[in-house]
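Here's the structure, in structure tokens; my notes come after.
The values are calculated or read from the model by the stated rules, or taken from the named source; none is laboratory data. In this text, all values refer to a predicted model and were calculated from it rather than measured experimentally. Neighbour counts run over all protein chains shown; Cβ positions are idealised from the backbone, glycine included. To get the accessible areas, we keep the full protein, side chains included, count just its heavy atoms, and leave off ligands, DNA and RNA. Shrake-Rupley method; radii C 1.70, N 1.55, O 1.52, S 1.80 Å.
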Amino acid sequence: MIKLNFKFLDLSFKSFHQCIHVRTMHFHFANSSQSKIDSNRVLNGLSKSGRINEARKLFDKMPERDEFTWNTLIAAYATSGKLTEAIQLFKETPIKSSVTWNLLISGYCLHGMETEAFYLFSRMQFEGQRPNQYTMGTILRLCSTLGLLQRGKQVHGNVIKTQFESNDYVVTGLVDMYAKCNCILEAEYLFIMMPNKRNHVMWTAMVAGYSQNGEAFKAIECYRDMVVEGVASNQFTFPSVLTACAMVQARNFGAQVHSFIVRSGFEANVFVQSALIDMYAKCRDLDSALIVLENMEVDDVVSWNSMLVGCVRQGCEEEALSLFRKMHARDMKLGNFTYPSVLNCFASTKDMNNAMSVHCLIIKTGFEASKLVNNALVDMYAKQGNMDCAFQVFNHMPNKDVVSWTSLVTGCARNNHHEEALKLFCDMRLAGIHPDHVVLASALSACAELTVLELGQQVHANFVKSGLQSSTSVDNSLVTMYAKCGCIDDASRVFDYMQIRDAVTWTALIVGYARNGKGKDSVRFYDQMIASGTKPDYITFIGLLFACSHAGLLERGRLYFASMEKEYGIKPGPEHYACMIDLLGRSGKLVEAEMLLNEMDVEPDATVWKAILAACRVQGNLELGERAAKNLFELESKNAVPYIMLSNMYSAAGKWEDAARIRRTMKWKGISKEPGCSWIEVNSRVHTFMSEDRGHSRTTEIYSKIDEIMVLIKEAGYEPDISFALHNMDKEGKELGLAYHSEKLAVAFGLLSLPRGAPIRIFKNLRVCGDCHTAMKYISKVFHRHIILRDSNCFHHLKEGQCSCGDYW
């Protein structure tokens with residue numbers, strides 16, 4: 001009989017149950033572990049596809065969550081911009097590793113939240129988490145994007161402390177940050193200090209940095225070194241080096257890069273193609289640019305815009321308009337860069353109908369509120385001379401910047417609306433808009449045309465106070481303004497302080513001295529201009545020959561006129577012939593002047609015939625004077641001056657019937673002489689006078705001063721020249737009429753209003769008459785005043801009885 005060992009069986013039974021329990025536990029653990037992995041996989045998929053709400057629901061249902069689970073959802077929230085949810089989840093997570101911190105910091109960096117990102121970066125280190133290379137790279141990328149140089153320098157210090165200064169990933173971030181913050185030397189230093197750890201990303205960052213900082217040749221050289229080192233270029237490298245090629249017109253090197261692009265297999269990349277089109281267009285190779293554009297598989301609006309801009313820059317307006325029509329037909333997205341380019345075409349072609357059609361399209365496509373587009377519309381209408389439309393667009397703009405104001409001010413100045421230009425400039429300053437170089441130059445040009453010296457001086461002071469860097473365009477406008485206002489010494493002072501002088505600068509001073517009766521100084525500055533290596537232009541010779549004419553420099557004038565085409569390839573125009581004829585006429589060489597007239601290579605215009613007529617009046621050559629006057633009657637049929645000059649010549653020759661006939665012709669044709677008008681600026685206010693004007697608030701004082709002036713200058717030897725008076729009056733009436741000419745009324749007001757010793761500046765719309773000119777000389781002597789009179793011909797600087805003009809009447 002078998003005896004059973006129940007104790008053993010009991011033990012075995014317990015062991016069996018324990019075994020079963022362990023196996024069950026292992027089974028459940030294996031299932032749980034697999035379930036968590038599967039859940040994490042699903043969670044990751046939902047997060048990456050943007051289905052964050054579903055991801056959250058799954059997260060909330062998960063019985064067990066590991067570090068990956070928490071980090072996945074934090075990353076999803078941070079990337080999508082739901083940073084409040086991300087930070088809340090971050091606070092709840094039981095494990096905050098460096099990865100967790102990096103994910104949150106990356107989210108804030110991605111959305112440009114500088115303060116929060118740097119707070120987290122500091123907090124991370126405070127809580128004992130050491131930033132890794134990815135943390136540094138992320139925070140440096142934020143500094144690069146926002147241009148945070150000081151923050152970037154702080155991170156650089158942290159990089160050194162944490163010994164990441166040799167990490168290629170971190171150094172690449174530093175190179176990119178310094179380059180984008182315009183510290184290219186620092187970027188270059190870091191790049192040089194990593195000779196053995198330069199990957200394609202670092203090389204690309206350096207090439208891009210040089211290109212972005214205007215160091216085109218260095219960018220090209222860096223790219224060349226990169227190729228020599230055998231480092232592969234990519235879709236980010238090629239656009240940077242192509243941009244550099246465009247900057248310096250390196251078309252041939254750009255074409256070599258193009259070949260390398262094809263060999264590297266990037267010829268179909270949209271970004272690379274766009275950069276190629278831009279490079280070829282800026283290098284004036286529109287054919288190659290068009291080939292690249294036509295081979296593109298995708299209609300990329302950036303590429304088409306580059307092509308459009310290239311056509312506009314080269315003056316190919318028709319081609320540009322054709323491209324625009326194709327863009328519209330292909331239903332491409334026209335926008336802030338397309339419309340300004342095509343509007344620039346209309347500014348050149350003066351095609352108002354199509355311009356207005358594009359304006360309608362702008363409204364239809366919802367770009368009527370775009371500042372860029374509106375600025376282009378104002379500029380386009382202003383350049384077409386349609387100031388009403390320019391003002392309408394400007395007045396309806398919700399936000400105006402300095403470009404908006406500049407376009408309108410410049411447009412007014414260009415279209416001879418000088419008073420409106422200055423009023424706008426003042427309104428711009430009242431609106432708190434700080435002027436730029438362009439609008440300052442336009443305002444100064446308007447001041448020059450209106451000869452408002454005090455306002456011009458205020459604009460000059462505004463420029464100095466603004467802290468803007470010296471600008472050749474503004475300095476040239478200052479020289480011109482002071483010269484046209486009769487302040488030639490001030491113009492010369494501005495010229496002396498200029499660091500860069502171009503042909504316009506020298507010409508402005510040469511013309512200024514000539515107009516102010518200092519022809520010999522004009523010649524002296526011309527010699528200095530040639531010695532400086534600056535080539536004279538068409539306008540320079542007009543000023544130079546004008547100077548020779550008024551200074552009586554006959555031989556010099558002949559020499560300069562001959563040198564125009566012989567030495568500088570400048571074909572003389574009507575203005576140059578007019579100056580030479582005037583010079584010969586003043587020198588008594590009327591026969592030679594007539595020979596020059598007959599030998600002209602260009603058709604004589606009104607300027608030439610006026611010079612001939614003026615010379616004939618002085619020399620008494622009635623026959624040639626009649627020829628000149630008849631040509632002027634045809635060229636300027638409504639201009640009274642040639643009629644009056646010919647009538648006076650007939651009167652001087654005793655041909656009274658012919659003189660009367662000319663005046664009857666004027667009456668029959670309805671031609672009347674433009675009334676003489678003189679003005680003077682006192683305390684920033686312009687006072688205007690007509691002949692025998694009694695509309696001024698101080699008329700009684702002015703006429704009383706005139707009587708005093710007449711008595712004093714007659715005592716000094718002045719005798720009225722009644723040949724300049726009306727013919728239907730007696731001698732006493734003629735003398736009174738002469739006494740009340742507009743320029744005499746203006747000088748009387750100046751003597752009453754300006755401090756003793758201050759120069760009296762008078763401006764006249766017509767040429768000053770001979771009698772007034774003589775009277776001014778005596779007034780300057782008797783009252784010991786410097787009188788500066790600018791008429792339609794030139795400046796007359798009158799001091800102690802002498803005039804700068806040489807008294808050619």
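Worth a mention:
- Qualifying residue in the range 777-793 (condition: open to solvent by 10 Å² or more (accessible area, probe 1.4 Å), aliphatic (A, V, I, L, M) and more than 22 Å from GLU719 (Cα to Cα)): no
- Of residues in the range 423-472 being of a type in the set (S, T, N, Q) and not in a helix (DSSP H, G or I), the one modelled with the highest pLDDT: SER471
- Filter pass, ARG429 being touching a Pro at 6+ places or on another chain (Cβ under 8 Å), surrounded by fewer than 18 Cβ atoms within 10 Å (Cβ to Cβ) and either closer than 30 Å to GLU454 by Cα or in contact (Cβ under 8 Å) with a residue 40 or more places away in the chain (or both): yes
- Qualifying residue in the range 244-264 (condition: open to solvent by 20 Å² or more (accessible area, probe 1.4 Å), in contact with an Asp or Glu (Cβ under 7 Å, 6 or more places away or on another chain) and in contact (Cβ under 8 Å) with a residue 12 or more places away in the chain): yes
- Lone unmet requirement of (1) farther than 28 Å from THR607 by Cβ; (2) in the same structural domain as LEU754 (by the TED database) for ALA660: (2)
- Considering residues of the range 398-421 that are open to solvent by 10 Å² or more (accessible area, probe 1.4 Å) and of a type in the set (A, V, I, L, M) only, the residue nearest to LEU444 (Cα to Cα): ALA413
- Contacts under 6 angstrom Cβ, first residue in the range 393-412 being assigned to a helix (DSSP H, G or I), partner open to solvent by 30 Å² or more (accessible area, probe 1.4 Å), 6 or more apart: VAL402/ILE433; VAL402/ASP436; TRP405/ILE433; THR406/VAL438; SER407/ASP379; CYS412/GLU420
- Residues that are closer than 18 Å to SER477 by Cβ and in a helix (DSSP H, G or I), drawn from the range 501-524: ALA503, VAL504, THR505, TRP506, THR507, ALA508, LEU509, ILE510, VAL511, GLY512, TYR513, ARG515
- Note on the range 194-207: residues that are crowded, with 24+ Cβ neighbours inside 10 Å and farther than 18 Å from THR237 by Cα amount to 0.
- Scanning the range 163-198 for residues that are within 17 Å of GLN133 (Cα to Cα) and acidic (Asp, Glu) yields GLU165, ASP168, ASP176.
- Every residue from the range 165-193 that is open to solvent by less than 80 Å² (accessible area, probe 1.4 Å), among the hydroxyl-bearing types (Ser, Thr, Tyr) and closer than 13 Å to ALA205 by Cα: THR172, TYR178
- Taking the conditions (1) over 21 Å from LEU83 (Cα atoms); (2) under 40 Å from the mean Cα position of the chain (by Cα) in turn, SER166 satisfies each one other than (2).
- Looking across the range 111-142, the residues that are part of a helix (DSSP H, G or I), over 20 Å from GLN163 (Cα atoms) and open to solvent by less than 70 Å² (accessible area, probe 1.4 Å) come down to GLU114, ALA117, LEU120, LEU142.
- Residue check for GLU317: open to solvent by 20 Å² or more (accessible area, probe 1.4 Å), touching a Cys at 6+ places or on another chain (Cβ under 6 Å) and farther than 28 Å from PHE238 by Cα: yes
Yes/no matrix, rows are residues, columns are (1) buried (at least 16 other Cβ atoms within 10 Å of the Cβ); (2) touching a strand residue (DSSP E or B) at 6+ places or on another chain (Cβ under 7 Å); (3) in the same structural domain as ASN793 (by the TED database); (4) within 25 Å of ALA441 (Cβ to Cβ):
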| residue | (1), (2), (3), (4) |
| --- | --- |
| ARG501 | yes, no, no, yes |
| VAL504 | yes, no, no, yes |
| THR507 | yes, no, no, yes |
| ARG515 | yes, yes, no, yes |
| GLY519 | yes, no, no, no |
| ALA531 | no, no, no, no |
| THR534 | yes, no, no, yes |
| LEU544 | yes, no, no, yes |
| HIS550 | yes, no, no, no |
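- The range 578-608 - residue that is open to solvent by less than 30 Å² (accessible area, probe 1.4 Å), touching a residue at least 24 places away in the same chain (Cβ under 8 Å) and in contact with an Asp or Glu (Cβ under 9 Å, 6 or more places away or on another chain) and, of those, nearest to ILE644 (Cα to Cα): ALA606
- When TYR381 is tested against (1) open to solvent by less than 20 Å² (accessible area, probe 1.4 Å); (2) assigned to a loop (DSSP other than H, G, I, E, B), exactly one condition is not met: (2).
- Checking each residue in the range 552-570 for being open to solvent by less than 50 Å² (accessible area, probe 1.4 Å), under 16 Å from ASP521 (Cα atoms) and assigned to a helix (DSSP H, G or I) picks out LEU554, GLY557, TYR560.
- Some residue of the range 735-743 being assigned to a helix (DSSP H, G or I), among the polar types (S, T, N, Q), surrounded by 13 or more Cβ atoms within 10 Å (Cβ to Cβ) and at pLDDT 90 or above: yes
- If the condition is being outside any loop (DSSP other than H, G, I, E, B) and either among the acidic types (Asp, Glu) or touching a Pro at 6+ places or on another chain (Cβ under 7 Å) (or both), then the range 756-809 contributes ASP771, ILE788.
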